[in-house]
Amino acid sequence: MPDGAMTAQPDLAANLDTVRARIAAAEIAAGRAPGSVTLVAVSKTHGAEAVAAALAAGQVVFGENRVQEAAGKFPALRPANPGLRLHLIGPLQTNKAREAMQVADVIETLDRQKLAAAIAAERDRTQRCPDLLVQVNVGREPQKAGIDPDETEAFVAACRGSLALPVTGLMCIPPVEDDPRPHFAWLAAAARRLGLAVVSMGMSGDFEAAIAEGATHVRVGSAIFGARPAPAAPIIPA
């Protein structure tokens, strides 16, 4: 076993303990019930050995950005970990809907009619569908995925109505330069108004604020797994 693999697990377990303690403290500070917030450990760009270490430390809910990366890690881990739950949290191309639905338990980035139709068609074919969250572009950023806030109610109604999709909540990623709390408060209020139980918001730098505003799920990566591995340097021919 490489030396790095022997030292990674204790650090990761300690990081998980720290994040869990911070979530518990934020729940108390917000007057929330203990255990009311689910930690989604974002393992994107980290290998299957890091996920296995997190599983050994008791973490069972994970988040991945890319379908192909998730498919390369998680199916082999499921037989020994029946409680494992995988959330896809990155933008989803319509042509990846079938593969995404095969690998994920939750898709957090439903954000357009074409994707909803593709998911519904695949659901009809297989009689299986993950839980779905609608991603809302709360900052109306042109470069970012997500439904416009003003279109959220109608989009959720269409998904749950004619398409009969299992939309269970909302998700957002606020603009980096903004105070996230007004965006978090808006998303939580919208979920309540629409009768949706899940509110996925908050990451490593702001998850306590998200919990204060009503998050039910927080997506934490670097505070658990550390910095993402740097991409390999290109090989330049001599």
Work out the FRET efficiency for ALA157 and ARG125 from their Cβ-Cβ distance, taking R0 = 25 Å, and round it to the nearest 0.05. 0.55
Test of understanding: ordering ILE119, ILE28 by Cβ neighbours within 10 Å, fewest first, what list do you get? ILE28, ILE119
So how much slack lies between ALA197 and ASN95, counting 0.36 nm per residue of separation and subtracting their Cα-Cα distance, in nm? 33.9 nm
Would you mind pulling out the separation of the Cα centroids of segment 118-143 and segment 165-233, in Å? 17
Given a Förster radius of 25 Å and the C-beta distance between VAL176 and ILE28 as r, what FRET efficiency does 1/(1 + (r/R0)^6) yield to the nearest 0.05? 0.35
Of the residues VAL103, VAL37, VAL176, which exhibits the maximal mean-square fluctuation in a Gaussian network model of the chain defined by a 10 Å Cα contact cut-off? VAL176
For segment 20-40 and segment 54-116, what is the separation of their C-alpha centers, rounded to whole Å? 24
Anchor LYS73: aspartates and glutamates whose Cα lies under 13 Å away (excluding residues fewer than 8 positions away in-chain): GLU49, GLU64
Can you work out the FRET efficiency for the pair ALA164 and ALA21, with r the C-beta to C-beta distance and R0 = 35 Å, to the nearest 0.05? 0.30
Given the options ASN15, ALA185, LEU110, identify the residue whose Cα lies farthest towards the positive end of the charge dipole of segment 3-220 (+1 on Cβ of Lys, Arg; -1 on Cβ of Asp, Glu). LEU110
So for GLU64, GLU177, GLU49, GLU208, fewest C-beta neighbours within 10 Å to most, what's the order? GLU177, GLU49, GLU208, GLU64
Please report the relative contact order for the chain, taking Cα pairs under 8 Å with a sequence separation of at least 6, and give it as a percent rounded to a whole number. 19
What ³J(HN,Hα) values, in whole Hz, does the Karplus curve 6.51 cos²θ - 1.76 cosθ + 1.60 give for segment 113-123 when θ = phi - 60°, with x put for Gly and Pro? 5, 4, 5, 4, 5, 5, 5, 4, 5, 5, 4
For segment 88-190, what does the relative contact order come out to in percent, with C-alpha contacts under 8 Å and a separation of six or more? 25
Return the Cα extents of the chain along principal axes one, two and three, sorted largest first, each rounded to a whole Å. 54, 44, 43
Looking only at the chain, where both bridge partners belong to it, what percent of the DSSP beta bridges are antiparallel (to the nearest 5)? 0
Per-residue HN-Hα couplings for segment 89-96 [Karplus 6.51, -1.76, 1.60; θ = phi - 60°; Hz; x = Gly/Pro]: 10, x, x, 10, 6, 4, 6, 9
Output ³J(HN,Hα) for segment 45-55: one whole-Hz value per residue in order, computed from phi by the Karplus curve 6.51 cos²θ - 1.76 cosθ + 1.60 with θ = phi - 60°, and x for Gly and Pro. 6, 9, x, 4, 5, 5, 5, 4, 5, 5, 4
Whose amide H sits under 5 Å from the amide H of THR109, counting only residues 5 or more places off or on another chain, with H placed in the peptide plane? LEU133
Just tell me which aspartates and glutamates come within less than 19 Å, Cα to Cα, of LYS114; anything on the same chain fewer than 8 places away is out. GLU99, GLU122, ASP124, ASP131, ASP148, ASP150, GLU151, GLU153
The chain, dipole about Cα centre (Lys/Arg Cβ +1, Asp/Glu Cβ -1), debye to the nearest 20: 600
Just need the relative contact order of segment 128-238 here, percent rounded to a whole number, with Cα pairs under 8 Å and 6+ apart. 20
Calculate for the chain the 222 nm mean residue ellipticity that helices alone would give, adding -39,500 (n - 2.57) per DSSP H run of length 4 or more and normalising by residue count, nearest 500 deg cm²/dmol. -12500 deg cm²/dmol
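Every number in this text was worked out from the coordinates using simple rules, so none of it is lab data. All values derive from a computational prediction rather than experimental measurement. Don't worry about glycine lacking a Cβ; one is built from the backbone with ideal geometry, like all the others, and counts go over all protein chains shown.
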